[in-house]
Amino acid sequence: MADEPTFKMSQDYELIPPKKRRAYPILVEEWNYLKEKIRKIRDNANFYQTIGSVLLGVAGSALVTALTLDLPKPEGSNATPLPILIAWFAFVTALICGGLALYFGKAQRDVQTSSAKEVIEHMELIEKRYEGTET
């Protein structure tokens, strides 16, 4: 084993000190609070917006059907044919439900936006503590 060649490698590293920058000391409790708030922020697809859009599409289709469907009226009767009444009913129902779904979708989006704003407001509060110490 003594006759096996040995290799010695060395590498010189030059450590570069970090540049002096400003930093905010923050309490661990505040840092954990911010992390928890950020974890709770969800940017899920808005189910109500999707359903509202689909229902408004159904309402539009039903409106076109109600306006363009030409069925002969029974002789001696002045009543509107049943398929046209069904089309008008589908239009009104889908329009109301679609409008309500879009309204609730907007409310859900506002709640998601406000939770992100809360985190930013708390971070700005931390910044305000150190505003007077600028150099």
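General observations
- Restricted to the range 56-98, and to residues there that are under 28 Å from the mean Cα position of the chain (by Cα) and exposed (fewer than 14 other Cβ atoms within 10 Å of the Cβ), the residue that is nearest to Asn46 (Cα to Cα) is Gly57.
- In the range 10-31, the residues that are basic (Lys, Arg) form Cβ pairs under 9 Å with partners that are surrounded by 10 or more Cβ atoms within 10 Å (Cβ to Cβ), at six or more places apart or across chains, as follows: Arg22/Tyr130.
- Matching residues, the range 20-69, being closer than 26 Å to Phe104 by Cα, in a helix (DSSP H, G or I) and among the aliphatic types (A, V, I, L, M): Ile38, Ile51, Val54, Leu55, Leu56, Val58, Ala59, Ala62, Leu63
- Hey, Glu124 out of contact with any Cys (no Cβ under 8 Å at 6 or more places or on another chain) and at pLDDT 80 or above or not: yes
- Filter result for Thr133 (polar (S, T, N, Q) and modelled with pLDDT of 80 or more): no
- Residue check for Glu14: among the charged types (D, E, K, R), more than 19 Å from the chain's Cα centre (by Cα) and assigned to a helix (DSSP H, G or I): no
The values are calculated or read from the model by the stated rules, or taken from the named source; none is laboratory data. Quick caveat, the model's predicted, so the values are computed rather than measured. Glycine gets a Cβ as well: all are built from the backbone with ideal geometry, and neighbour counts include every protein chain shown.
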